[in-house]
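S.K.: Sharing a structure here in structure tokens format.
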Ligand code: SAH
Ligand code: SF4
Ligand code: F3S
């Protein structure tokens, strides 16, 4: 899962109002919902479930919070600054609420789960606080607010996967969609708040996942990204009906194959892989299917074994390198990206240098890089002093970012002169004279519009030049 900042790519996805105005699927109440999402792809995917629940309850969506009856903000707690961003945004909602006192302001997601009812005391304008497993209760909670109360539901569940809810595709280009395959995380990395905000890991019924992928394909979508905090530990066993045969357990490699079998024209991506769990079976499955994109996000966090142990990542430097070797052996053209944390508790200069040398070993295609931010309640906050001065964390981060920039450029330069199969996603951000889309390795490719081809089609593009984030070329079909 990627919370997007300090990337070597230029992402602008940290905040998104919903672009489409959608009509209710249930009996209309004439009320309008505005929803805005922060944090990882899972949160964006959850907002689509929330919108689906409210549309079924007679709401329509709006892209302007000022005209909304209900304003939801789906929040992230991963780092201090992610929470700060949400608090700043809530301040901006305040004047709209002053003008329209009937407006309901709701906080959803990870910050809601972390702060619970404390949120109501800290931010007076908030009416409703809802954790990630309680979205089915939203209509009821809104009812309570309508009756003049504040409302909170932050119960976590061991079962909830929202498997039966058909997400409303918000902000969609109609070409690629997220499909959530599991929720929660059981890993307890010592720096991480996610196990506390998202609860225990549970996998979604594989049949509902394949059905969703098939329906997306039938509706014209050409790419699905399977989402989970640790997709490699996906595991689903169907309950046995009375007198029925026990069902075999489906693992991630098998699920990937099932989704890839929907159609050779449906691209399959996934995120996030965990170094301790990614198996050769997954890599061989990727090799077998042309439509499973050759791209793996494999967060390393640190290149030093002692720090990895303190982080409770349960692998060491040698293990991680062996997994990289396996990827290179089985999938020679695979793109690999990572997450790095600098300045974790007690990290020395020598240990930081091992992160840099790990980057040299892998030469990642791109990376998401962060200075360590202590999160209340995590194992690290309880056990270790956050003892690396802020300026040292930042300096180490700069070194990591600079190194990554060289490697991204190196990778993209290697792509120049080659032909890439690209799924056209739409016009490029800069110009409607250009299309953009990604190659197999997840690198953005920009090329002049050719009227023979439309968004949603695959084209072959010869890469002619590059920056450290984008390939530029021309269609050669
Ligand atoms: N499930 C994914 C990561 C989810 S969080 C995984 O295991 O890789 C996304 C990234 O945020 C993490 O990989 C980590 O690099 C970063 N992160 C998490 N907690 C952090 C913290 N307390 N300070 C700084 N970065 C953090
Ligand atoms: Fe957090 Fe670790 Fe779980 Fe990723 S695997 S969500 S970093 S606890
Ligand atoms: Fe995602 Fe942020 Fe929660 S990264 S799981 S939204 S803490």
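S.K.: Please pick out the residue among 350, 399, 354 that is under 29 Å from residue 323 (Cα atoms), away from ligand 1 (no atom under 13 Å from the Cβ) and out of contact with any helix residue (DSSP H, G or I) (no Cβ under 8 Å at 6 or more places or on another chain).
M.R.: It is 350.
S.K.: While we're here: Examine the stretch 71-88 for a residue that is surrounded by fewer than 22 Cβ atoms within 10 Å (Cβ to Cβ), more than 16 Å from ligand 1 (Cβ to nearest atom) and under 23 Å from residue 197 (Cβ atoms), and state whether such a residue exists.
M.R.: Yes, the conditions are met somewhere in the stretch 71-88.
S.K.: Could you tell me whether residue 384 is more than 24 Å from the chain's Cα centre (by Cα), touching a residue at least 60 places away in the same chain (Cβ under 8 Å) and at negative phi?
M.R.: When the stated conditions are applied, residue 384 passes them.
S.K.: Here's another thing I want to ask about it. Based on what the data block shows, is residue 186 within 13 Å of ligand 2 (Cβ to nearest atom), modelled with pLDDT of 95 or more and part of a loop (DSSP other than H, G, I, E, B)?
M.R.: So residue 186 passes the test.
S.K.: Based on this model, can you work out whether residue 238 counts as more than 16 Å from ligand 3 (Cβ to nearest atom), under 18 Å from the mean Cα position of the chain (by Cα) and outside any helix (DSSP H, G or I)?
M.R.: Spelling it out, it is not the case that residue 238 is more than 16 Å from ligand 3 (Cβ to nearest atom), under 18 Å from the mean Cα position of the chain (by Cα) and outside any helix (DSSP H, G or I).
S.K.: Counting just the residues of the stretch 150-193 that are within 24 Å of residue 128 (Cα to Cα) and within 16 Å of ligand 1 (Cβ to nearest atom), which one comes out farthest from the chain's Cα centre (by Cα)?
M.R.: Here the answer is 193.
S.K.: Could you please find all residues in the stretch 241-274 being more than 16 Å from ligand 1 (Cβ to nearest atom), within 20 Å of the chain's Cα centre (by Cα) and assigned to a strand (DSSP E or B)?
M.R.: Once the filter is applied, which keeps residues that are more than 16 Å from ligand 1 (Cβ to nearest atom), within 20 Å of the chain's Cα centre (by Cα) and assigned to a strand (DSSP E or B), the stretch 241-274 yields 267, 268.
S.K.: Right, next: Could you go through the stretch 165-179 and let me know if any residue there is buried (at least 16 other Cβ atoms within 10 Å of the Cβ), modelled with pLDDT of 95 or more and in a helix (DSSP H, G or I).
M.R.: No, the stretch 165-179 contains no residue that is buried (at least 16 other Cβ atoms within 10 Å of the Cβ), modelled with pLDDT of 95 or more and in a helix (DSSP H, G or I).
S.K.: Can we say residue 365 is touching a strand residue (DSSP E or B) at 6+ places or on another chain (Cβ under 8 Å) and within 16 Å of ligand 2 (Cβ to nearest atom)?
M.R.: Criteria not met by residue 365.
S.K.: Follow-up. Is it fair to say residue 50 is in contact (Cβ under 8 Å) with a residue 40 or more places away in the chain, crowded, with 18+ Cβ neighbours inside 10 Å and closer than 16 Å to residue 193 by Cβ?
M.R.: no
S.K.: Counting only residues that are within 12 Å of ligand 3 (Cβ to nearest atom), surrounded by 19 or more Cβ atoms within 10 Å (Cβ to Cβ) and either assigned to a helix (DSSP H, G or I) or in the same structural domain as residue 379 (by TED's automatic domain parsing) (or both), how many does the stretch 196-222 have?
M.R.: 2
The values are calculated or read from the model by the stated rules, or taken from the named source; none is laboratory data. No experiment lies behind these values; they were computed from the predicted model shown. A quick note on method: Cβ atoms are made from the backbone with ideal geometry, for glycine too, and the neighbour counts reach across all protein chains shown.
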